[in-house]
Amino acid sequence: MRRIGLFGGTFNPIHLGHVQVVREVKAGFGLDEILIIPSALPPHKELNGVVDAKDRLEMIRLAFSDDPNFVISDVELERSGPSYTIDTVRHFKSILSENTELYLIVGLDAFLEIDTWKSYNDLFLLIPLIVMSRTINKENSTKSEWKSLKNYLQSKISKEYTFSFAQSSFNHDKKQPVCVFNVTPVDISSTTIRKRIKAGRSIKRLVPDIVEDFIKTKGLYL
Ligand code: ATP
């Protein structure tokens, strides 16, 4: 059985938070491969300031060039119109062999908006989720973050999700599990990076060096 993680986002730009947490998830869940999937028109982000898809794709390629188990997919860029995760999950389910187990990897902040995603109820029927901790508010502990996930999951998706300590996941008779995973907190976001560049500040140690060079050379986010 091959275990593959799907990791989507705007990646505007990719940063060391993305790189580090997704490596931790890969190791923690014993995944064979991670597909990194940049979105075309991010349905939930302001279009202002999203750089060309080709540049976002190239920065992801540079960030993972040392590891062949991170594979970049342009499915969402090739599809016309905005990118919806449900379409991407259906796509990979249809092209990958029966011998593949797929997981959808999302940060907690993204998960807590999932009821605004297209056909989100179908997602919970189709694919197990791995939700990575992400500090939303500095005063919040990881414990209270997971509490907010539990409340959200039970109120918006189904109150029949129950937590299993042994599996560290919320399980359901008819729906796919939602696994929670504590990553080492990395307080970096693409928004911070874009703001820092605009303000003329350094982005060293926030993105891989090779990505920093690319951003500088191309004059992105100025
Ligand atoms: P922006 O600041 O533009 O909203 P972002 O930094 O949140 O961007 P995205 O490309 O939107 O980056 O994120 C893709 C996925 O990675 C999402 O599921 C998000 O929750 C997760 N993610 C991003 N940064 C981190 C981080 N530092 N720790 C954990 N998860 C993260």
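The values are calculated or read from the model by the stated rules, or taken from the named source; none is laboratory data. Bear in mind that the values here come from a model prediction, so they are computed numbers and not experimental data. Please note: Cβ atoms are built from the backbone with ideal geometry, for glycine as well, and neighbour counts cover all protein chains shown. Ligands, DNA and RNA are excluded from the accessible area calculation, which covers all protein heavy atoms including side chains. Shrake-Rupley method; radii C 1.70, N 1.55, O 1.52, S 1.80 Å.
In table form, for the structure just shown:
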{"read-out": "Principal-axis tilt of helix 53-63 within the chain, Cα atoms, nearest 10 degrees", "value": "80 degrees"}
{"read-out": "Distance (nanometres) between label positions extended 7 Å along Cα→Cβ at D32 and Y120", "value": "3.2 nm"}
{"read-out": "Helix-only [θ]222 nm of the chain, DSSP H runs n ≥ 4, -39500 (n - 2.57) each, per residue, nearest 500", "value": "-10000 deg cm²/dmol"}
{"read-out": "Residues S94 and E160, FRET efficiency given R0 of 22 Å [Cβ-Cβ distance, rounded to 0.05]", "value": "0.20"}
{"read-out": "Selection from H15, V71, L104, by position along the positive dipole direction of the chain (Cβ)", "value": "H15"}
{"read-out": "Probe 1.4 Å, accessible area per residue of the chain, Å²", "value": "52 Å²"}
{"read-out": "Percent accessible area from carbon and sulfur atoms, the chain, protein chains only, probe 1.4 Å", "value": "50 percent"}
{"read-out": "Straight-distance crosslink candidates among aspartates and glutamates, where the alpha carbon sits under 18 Å from K26 and sequence neighbours closer than 8 are dropped", "value": "D66, D67, E101"}
{"read-out": "Calculated FRET value between T217 and V71, using beta carbons and R₀ = 22 Å, to 0.05", "value": "0.30"}
{"read-out": "P(r) of the chain over all Cα-Cα pairs, binned every 10 Å from zero, in whole percent", "value": "7, 33, 38, 18, 3, 0"}
{"read-out": "Cα lying deepest toward the dipole's positive end in the chain, options I197, C179, T217, charges on Cβ", "value": "I197"}
{"read-out": "Antiparallel DSSP beta bridges within the range 2-187, percent to nearest 5", "value": "20 percent"}
{"read-out": "Whether the range 1-133 is rounded, prolate or oblate, judged on the alpha carbon gyration tensor where a/c under 1.5 counts as rounded", "value": "rounded"}
{"read-out": "Net charge of neighbours whose Cβ lies under 10 Å from the Cβ of T162, counting Lys and Arg as +1 and Asp and Glu as -1", "value": "0"}
{"read-out": "Unit charges on C-beta of K, R, D, E only; dipole of the chain, Debye", "value": "620 debye"}
{"read-out": "Point-to-point label distance, T191-S168, nm (Cα→Cβ direction, 7 Å offset)", "value": "2.7 nm"}
{"read-out": "Estimated distance in nm for a label pair at R2 and Q20, the labels positioned 7 Å out from Cα along Cα-to-Cβ", "value": "3.1 nm"}
{"read-out": "Computed lengthening from I210 to R79, 0.36 nm per intervening residue step minus Cα-Cα distance", "value": "44.3 nm"}
